[in-house]
2 protein chains.
Amino acid sequence: MLEKAALILDCFSPSGGPYRLSELSERTGLPKPTVHRLAADLVGLGWLERSGPRYLLGAKLFELGSLVPHRRDLRETALPFLQDLFEATRETIHLGVREGMEVVYLERIHGHEALRLPSRIGGSLPLTCTAVGKALLAFSGAELTEEVLSLPLPSLTPHSITDPARLRTALEKIQVSGLAYEEQEAASGVSCIAAPVFAGDNAVAALSVAVPRTRFRPAQLAPAVRTAALGLSRVLRGAGGPRSPLS
Amino acid sequence: MLEKAALILDCFSPSGGPYRLSELSERTGLPKPTVHRLAADLVGLGWLERSGPRYLLGAKLFELGSLVPHRRDLRETALPFLQDLFEATRETIHLGVREGMEVVYLERIHGHEALRLPSRIGGSLPLTCTAVGKALLAFSGAELTEEVLSLPLPSLTPHSITDPARLRTALEKIQVSGLAYEEQEAASGVSCIAAPVFAGDNAVAALSVAVPRTRFRPAQLAPAVRTAALGLSRVLRGAGGPRSPLS
DNA sequence: ATCTTTGTTCCGTGACACGGAACAACGCGG
DNA sequence: CCGCGTTGTTCCGTGTCACGGAACAAAGAT
């Protein structure tokens, strides 16, 4: 029963858009009466909302989602640095963490100029075609790198790297420089530069600046991103303590 | 069964803190084996996580919560204005909406100086003792005002307004000026100024600047807050269209 | 070493989730 | 205006699986 409720809620990933009863029934594979009953229950709990014939994710989920400790704490301590980075660049800023073989975005701030990007808070993208993802991958241990390279590389645009050899050399450069670049691999017309945030040897997060390709000036962005990432690393080291628990 | 799962998850509001099995059992009133089984199921779905003997809210909830349309869309269109406001003031910025007789915060951005405030993203506070809440209340129709005034007024600090008459005159001033003030009513040592965001006659949101009491200069903050709120109102009007559906 | 508290497993019982079928309410084209 | 496909809702008999007491195991506390 929980499982079926989860199936229903998962329909809303990643579009979030409203669905009708029969769409939910079709997408979940559950019979209509079952969806009807469960959806009603979920509405009662505030996990879904219903406006006319359409179902939407409910406010309660927003409330619960905001409380998830990992996400909330990191976002909270990172925010001042993201703001610094935004003020320094006035471009779109990302904060992301690794989850399996994907990057999950915890925060994304921007000004009035809306860049059309596939990244969304709470959403995930392949590690291999975003700057944040590459920064994370380059500092997540050799085993993960090998695993990623052994699988077919997904692509978001025609520019996404799909050649394992190219990716490998790219990762090596990132490990040396501490900076990850990406040009139109996640969205056409957008370039990106990212720096890893460390807590120990491995990256626990990464932050990036996304810029329209036409005005991408890496030399000017690099110091800002690096500074922000190092500042955050330092605060995390101090806050979590050097005793940082393994699990 | 869904209801019981919801009881468990609701234990994490508002602290979000980790709980042990028996704490969950006690807080929910459910017998231990039941909680044990449900918690295991929830972990399987990613709605809870378990580190050692402690349960935490899981990453899946963050993902789902980020998709809730009302919250996400408003937050997204408001963000550039929040950034403007932050750059102009370099103080803590809030974005909130009304939900029943409380204000729910959708966003809170700040710099390195951490103000100790009761407001949290996804969290809710009484309408009556926050600037955002008062701005919302003043423009949510007379019926709601009367209902709020007819009930005992909650307080967060000794400075919170508890006298209905005082609150009534305060609301009238807000309706005239389009600005809501609050001094140490939500947190001692912190003052706040808020402006409503309109979509039609009523406020759909409000945004505020929170400042340490000692450097609270309303005359300098007021124009900035008002400008941001009006800018957001204008964009919302344009985006949602003047045909804005009722439901 | 003993006791207390917490976590886990087991399992018989019965509540209630389940979904096919039948019905009602739309919306559309003729 | 009226059939007709689609979608939403209600009903209800069946069978399942959630339920939680009891008993056991593990971890701290004294």
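Among residues of region A:27-49 that are more than 14 Å from chain B (Cβ to nearest Cβ), those with a Cβ under 7 angstrom from a residue that is loosely packed, with under 15 Cβ neighbours inside 10 Å and not hydrophobic (A, V, I, L, M, F, W, C), sequence gap 6+ or separate chain, pair up as A:LYS32/A:SER22. Do you know which residues across region A:63-89 are within 17 Å of the chain's Cα centre (by Cα), part of a helix (DSSP H, G or I) and either farther than 21 Å from B:GLU91 by Cβ or free of Cβ contacts under 8 Å to residues at least 60 places away in the same chain (or both)? Residues satisfying the conditions are A:GLY65, A:PRO69, A:HIS70, A:ARG71, A:ARG72, A:ASP73, A:LEU74, A:ARG75, A:GLU76, A:LEU79. For region A:31-62, the set of residues classified as surrounded by fewer than 20 Cβ atoms within 10 Å (Cβ to Cβ), part of a helix (DSSP H, G or I) and basic (Lys, Arg) consists of A:LYS32, A:ARG37, listed by residue number. Scanning region A:95-118 for residues that are under 20 Å from B:ARG90 (Cα atoms) and facing chain B (nearest Cβ under 9 Å) returns A:ARG108, A:ILE109, A:HIS110, A:GLY111, A:HIS112.
Could you tell me which of the residues A:THR77, A:THR92 is surrounded by fewer than 20 Cβ atoms within 10 Å (Cβ to Cβ), more than 7 Å from chain B (Cβ to nearest Cβ), of a type in the set (S, T, N, Q) and within 30 Å of B:ASP84 (Cβ to Cβ)? Matching residue, one of A:THR77, A:THR92: A:THR77.
Looking at region B:1-26 only, could you name the residues that are among the small types (Gly, Ala, Ser), within 11 Å of another protein chain (Cβ to nearest Cβ) and farther than 17 Å from A:ALA5 by Cα?
Listed by number, the residues that qualify are B:SER13, B:SER15, B:GLY16, B:GLY17.
Selection of region A:152-162 for residues being surrounded by 10 or more Cβ atoms within 10 Å (Cβ to Cβ) and without any contact (Cβ under 8 Å) to a residue 12 or more places away in the chain yields only A:THR162.
Screening A:ALA222 on (1) surrounded by fewer than 18 Cβ atoms within 10 Å (Cβ to Cβ); (2) more than 20 Å from A:GLU91 (Cβ to Cβ); (3) touching a Leu at 6+ places or on another chain (Cβ under 8 Å) shows it passes everything except condition (2).
Among strands (runs of 3 or more DSSP E) entirely within region A:128-219, having at least 3 residues that are of a type in the set (A, V, I, L, M) and either outside the structural domain of A:ILE109 (by TED's automatic domain parsing) or on the phi < 0 side of the Ramachandran plot (or both) singles out A:190-198, A:203-212. A count restricted to region A:1-20 and to residues that are under 19 Å from B:ASP73 (Cα atoms) and in a strand (DSSP E or B) stands at 1. Looking across region B:1-16, the residues that are more than 10 Å from DNA strand D (Cβ to nearest atom) and either surrounded by fewer than 13 Cβ atoms within 10 Å (Cβ to Cβ) or β-branched (Val, Ile, Thr) (or both) come down to B:ILE8, B:SER15. Residues of region B:17-26 being surrounded by fewer than 20 Cβ atoms within 10 Å (Cβ to Cβ) and either closer than 18 Å to B:GLY123 by Cβ or under 25 Å from the mean Cα position of the chain (by Cα) (or both), which ones? Within region B:17-26, B:GLY17, B:PRO18 qualify. For region B:205-223, a residue qualifies if it is at pLDDT 95 or above, over 18 Å from B:VAL176 (Cα atoms) and of a type in the set (A, V, I, L, M, F, W, C), and the qualifying residues are B:VAL209, B:ALA210, B:VAL211.
The values are calculated or read from the model by the stated rules, or taken from the named source; none is laboratory data. This structure is a prediction, so every number in the text was calculated from the model and none was measured. Neighbour counts are summed over all protein chains in view; Cβ atoms, including those assigned to glycine, are modelled from backbone coordinates with ideal geometry.
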